[in-house]
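The values are calculated or read from the model by the stated rules, or taken from the named source; none is laboratory data. It should be emphasised that the depicted structure is a prediction, and the values quoted were computed from it without experimental measurement. Note that we place each Cβ from the backbone using ideal geometry, even for glycine, and neighbour counts take in every protein chain shown. Accessible surface is based on the protein model in full, side chains and every heavy atom, while ligands, DNA and RNA are left aside. Shrake-Rupley method; radii C 1.70, N 1.55, O 1.52, S 1.80 Å.
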Amino acid sequence: MNTADNLDIPVDLFEELYLTDHHSLKNKYKFLGQGASRIVYAIDETYVVKFSKNKTGKYQCKTEDYIYNSIDSKYKKFFCPIVWYKEGMIVMRRALPFSEILGFKHGNIFDYTSIKRNSDFFISVKNIAKHYDLLYPDIKAISSWGILNQKPLLIDYGCTNALYDKYFD
């Protein structure tokens, strides 16, 4: 288990969710979205939970946990905080997705925000993506970004080039 931001983290609830049939959660929690490998629910206004739908989803959860908990502290600000992890499930802080703000899911984040390609922010994110072998089209996708505490950050950063080449190419 990992924690972030010194919040009063409801670990018992996360453990209970982990043991629950994930399909039954749609009756209790707000469905936020899904991709090819994971499904996301809002636990409340503070947390979201991502469940893997297959082995690639498990890999993505593990990758996000690894990145967030191993990256240099000066770069953590670019990533949505991971507060709890177990194989196949991850709990993050709940950020407001850019796709919700902008009203569409597809497109390049740099074309629709004030984040510029030559900014220190962009260059840092690009270097981090290269270091962790993150799939660049995912990193620049609007759907991978959100706002938390009035700052932009990645909310979906679990897909690597190796994973993509193996399962999606």
Which of (1) surrounded by 14 or more Cβ atoms within 10 Å (Cβ to Cβ); (2) touching a residue at least 24 places away in the same chain (Cβ under 8 Å); (3) within 25 Å of VAL48 (Cα to Cα) does ILE139 not meet, given it meets every other one? (2)
Give just the number: which of (1) closer than 23 Å to LYS166 by Cβ; (2) open to solvent by 60 Å² or more (accessible area, probe 1.4 Å); (3) touching a residue at least 40 places away in the same chain (Cβ under 8 Å) does LYS130 not satisfy? (3)
Matching residues in the range 1-20 (at pLDDT below 85 and charged (D, E, K, R)) number 2
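Would you check which residues across the range 30-57 are of a type outside the set (A, V, I, L, M, F, W, C), in contact with a helix residue (DSSP H, G or I) (Cβ under 9 Å, 6 or more places away or on another chain) and under 21 Å from PHE104 (Cβ atoms) and list them?
Scanning the range 30-57 gives GLY33, GLY35, ARG38.
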For the range 1-119, list the strands (runs of 3 or more DSSP E) that sit wholly inside it and hold at least 3 residues that are free of Cβ contacts under 8 Å to residues at least 60 places away in the same chain and open to solvent by 60 Å² or more (accessible area, probe 1.4 Å); which are they? 30-34
Residues that are assigned to a loop (DSSP other than H, G, I, E, B), more than 8 Å from the chain's Cα centre (by Cα) and not basic (Lys, Arg), drawn from the range 137-158: ASN149, GLN150
